[in-house]
Structures are given as C-alpha cells and as structure tokens.
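The values are calculated or read from the model by the stated rules, or taken from the named source; none is laboratory data. Since this is a predicted model, take the numbers as computed values, not measurements. Ideal geometry is used to build each Cβ from the backbone, glycine not excepted, and the neighbour counts take in all protein chains shown. Note: areas computed on protein heavy atoms with side chains; ligands, DNA, RNA excluded. Shrake-Rupley method; radii C 1.70, N 1.55, O 1.52, S 1.80 Å.
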Amino acid sequence: MGVLQGLEPESVWKYFEELCSIPHGSHNEKAVSDYCVAFAKARGLEVYQDDAWNVVIIKEASAGYEDAEPLILQGHLDMVCEKKPDCDFDFKKDGLRLRADGDYVYAEGTTLGGDDGIAVAYGLAILDDDRIVHPRLEVVFTTCEEVGMEGAAALDVSMLKGRTVLNLDSEEEGTLLVGCAGGCSAAIRLPVRRTKGRGVHVCLTVEGLQGGHSGVEIDKGRGNANMLLARGLAGLREVSDFLLISVAGGQKDNAIPRESRAKLLIPSDKTAAAEEFCRAYDAVLKKEYAAADPGVTVRLEVQEEQESEVLDEASSRKIAALLLSLPNGVQAVSRDMEGLVETSLNLGILETGKDEILLRYSVRSSVETAKSWLTEKMGLIAEFCGGTTELQGNYPAWEYRRDSGLREDMVRIYKQMFGAEPEVKTIHAGLECGILASKIPDMDCVSMGPDMLNIHTTEEKACISSVERMWNYILEILKRK
C-alpha cells in the first residue's frame, strides 16, 4: 500500500509516488525517463526519447476535439537533491521517503521534488485516463532543468504540431506566469598554489540558514552561507593570522547555500581570540538576520595541532579578494513591473580542488544586455585576481506576449471556477518557456501549478488540496477549443 494512497486526485498521487521511488536528480534521469517511455508503450502511445533522455508522448485528440488546436503540456523530470546534514540518504539509489501530514506531502530529511514531479504526475495521469476530453496532447518531459535547462536546449521539437504550451513548472496556485528572466551559470576558477604549514586545525562553519531557490527567494534578504563565510574569514584575519586549507559550501548554483565551511590552521596562541571572534560574529549575524534568517549560526571547531598542506599566502589573499569583490544577490529591480527583480546572481557552489578553487554562480536577468554586462564584470574581476570565467547553460528570457488566447481563456476559466481573478505576472526565476519559444514559432504559453512551499530545500512540501484544485483546473483548460 502506497504512503499517499487515499489522497485525491488518486491517479496523480499514484504516479507521483511511483516517480519518487525512482532516483531522478539532475544528470541521473535515465531511469525515470525509461519509466515514462515504458508507460507510453504499454498504452500504445506515440513516444520519443532522445540522447538527453527527454521524453515526448503524443496522444491524439478525443472524440469531438479532432479539429482543436494541439496543446503541449510540459514539465521536467529532474529534481534538486538536498538533504539534512544528519539524513542517511543516497540520491543516486534511494527512493524518497514520502510522508503526508494534514494538507501537505513532504519527504523525510530531503527535498520532495514536487518541482517538478507534480507536473510529470499530472501529465501521466491525463494520458492514462481515456475519459478526459482533450485536443491532441503533446506531453513533453525534459531533463537537467535544474542545472541549466540542458534538456530543453537539446530537445528536438520537429514532431510537435502544437504552438500552445501549458507549462506546469510553477508553485503558486492562482498565479499565471507569462514571462521570465533569462540566465546562465558562471564558473569562475582560481588557480591556487599549496605549501606546508603547521598550526591548530580549526573548522569555521556558517550554518542554519533557510536557503531557497535563487530565482524565487533571492529578494527575501536571506543569507548566502558562502558570502557570510567569506565575510567571516575577512574578520578572523583581523584577530589572527591563519593558513587556509579549503573552503566549501552549497551544492547547486541555483540554490541559495544554507551551509559553508572553511578549514584552517591558526597559531596555538590565537585559538582563544578566534573563538571570541566567532562568538561575536555569530551575535552580529543573528542580529542582522533576525527577521530574514533567524537560524543562522557561526561555529568554530578547534582540533589538534598538526602539519597540513595549505594554500600559500598569495592564493589565500586572492581567493579572499575574489569572494569579497564579486557581487552577489539582487543587482537591479524592474522599473516597469513593481516588485520584480530584474538582475541578480547567486554564489551557489564553493569548492576547493587540489590546484584551484571553483566559484559557481547562477546569473539571471530579464534584460539580455544587463545579463551580459554583469557576466562581463564578473570576468574582469576574476581576471584581475588571476582567475578565469566560463559561461554555461545560457538560456533566453521568455518575453511577455500581449496577445495570448491561452492566457485569456485561462483567466476566464479560473474566474468561473474559483470566483476570483488570478494574478498574471512575469518572474525572475528561469523557466524552460524561453528556450521553447526559441524553437516553436509564435508560441503562446502560460505557466501554472499548485502551491508548493520551500522548493529546493529540505522543508519543501506540496499542498494536497491545491494539487486537486489545479488538477480540476487543468481538466477544464483541456476542454477549450
């Protein structure tokens, strides 16, 4: 018996639970892609799978809808893989440990993957039910959305006849998205040199932050653990010399990092001063982030004296200068749409290798020239410090369409069903709609979805009643001709 058995709509939760039993983090979607292909073949549906593991499933129109315009339903197969520090879980081989509590479904100790597993479950449930009336359906499941929309970029759309797209990758009931920012991933690599050093081994950790999606929560004032660590190291340098062994924080460039740590060697006679600094820094951050990130904690773990391989003095100073010089967070807000972030960047990953330190940023902007200038500025700063910059996964903005028949119909249907006006807006987070628009001429697209809270974090949960309401809404949208 499934954990989610008895929840409505039954078919949606059934497929969601089956999806969650299959590991499907970014770059690990082959098994879930094969599952979708097997699903289609078992039902005699036309199906395509490419080398990127994207899947397209086509179901011809139901009786009476043969002349209706085809509709593309679209979501992505991959999920962000985050787990709590004490959680014994392997995203490569373990199925999610689903739980239902009141009106919410969550995964024990990990992200839920409702972004975008709910969309895939919606699509499969619709394809599986011959009682649902609909036009020709072209259901598109892409891969690697969370790491630069690589699947959408590789997608061949030649088999698609539709020019109308219902994207199911939004997380707020009652909100219809009609535009989004473009973006890219910027990888900055700083070569480092190592030497031998001796001192007391300490570990400086910034933890307890909320994190979140760098496109959705970037304007919430939450702390970025990597940036707070860099600030802490600069402050520590004022009270004690140290030798830097490594810095590390974050797992995804598009997730605001919740934890970051530095391993150091300090002189034995400076441990007390270092501990006092960390207590003071902890108090400072708790005051600064009392409203936005009250769980922030700075911790210093003091270990034994030892000899270790460390970064030389020049490398330590270069990484400190680079971290503190590069911008982070909101860079500009829109002058046209109140409350909309226009341009931002997030230092999501900080890693130390043998010969280099990697800084990986998610860069977003709804203005292409602003995005280009920001990445150019990052490159100039990196070059000055002796580093290099590589841009990856560049994707275009999804521009607002003034004449949208789909949007007009969805607003009308929503008002009829729920007696309220939906909010129609553009967002700062990236969606695959921009890439699809570059491939599908004159595309008319709207993005929607049920309420999901704290996506990309271990506190992620999906609202059960909202999933049902949006399911019924989608079924009414399918009836439009």
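Annotations
- Residues satisfying the stated conditions in the stretch 372-405, i.e. at pLDDT below 95 and of a type in the set (K, R): R401, R402
- Scanning the stretch 181-228 for residues that are outside any strand (DSSP E or B), open to solvent by 40 Å² or more (accessible area, probe 1.4 Å) and not aliphatic (A, V, I, L, M) yields a total of 7.
- Candidates are the residues of the stretch 84-117 that are hydrophobic (A, V, I, L, M, F, W, C) and in contact (Cβ under 8 Å) with a residue 24 or more places away in the chain; the one that is surrounded by the most Cβ atoms within 10 Å (Cβ to Cβ) is L112.
- Failed item, numbered, when G295 is tested on (1) open to solvent by 40 Å² or more (accessible area, probe 1.4 Å); (2) in contact (Cβ under 8 Å) with a residue 60 or more places away in the chain: (1)
- All conditions in (1) at pLDDT 95 or above; (2) in a loop (DSSP other than H, G, I, E, B); (3) buried (at least 17 other Cβ atoms within 10 Å of the Cβ) hold for E421, with the sole exception of (3).
- Among the residues listed as I455, I474, the single one being in contact with a helix residue (DSSP H, G or I) (Cβ under 8 Å, 6 or more places away or on another chain), at pLDDT 95 or above and either outside any strand (DSSP E or B) or over 23 Å from S214 (Cβ atoms) (or both): I474
- Flag for I413 being over 16 Å from L177 (Cα atoms), open to solvent by less than 30 Å² (accessible area, probe 1.4 Å), at pLDDT 95 or above and not polar (S, T, N, Q): no
- Residues in the stretch 424-446 that are open to solvent by 10 Å² or more (accessible area, probe 1.4 Å), part of a loop (DSSP other than H, G, I, E, B) and aliphatic (A, V, I, L, M): 1 in all.
- Among the residues making up the stretch 131-173, those that are part of a loop (DSSP other than H, G, I, E, B), open to solvent by 20 Å² or more (accessible area, probe 1.4 Å), within 17 Å of M443 (Cα to Cα) and of a type outside the set (K, R) are D156, V157, S158, M159.
- Among the residues of the stretch 229-270, the ones that are farther than 20 Å from P294 by Cβ, in a strand (DSSP E or B) and open to solvent by less than 50 Å² (accessible area, probe 1.4 Å) come to 9 in all.
- Given (1) touching an Asp or Glu at 6+ places or on another chain (Cβ under 8 Å); (2) among the hydroxyl-bearing types (S, T, Y); (3) surrounded by 18 or more Cβ atoms within 10 Å (Cβ to Cβ); (4) over 30 Å from L359 (Cβ atoms), number of the condition Y473 does not satisfy: (1)
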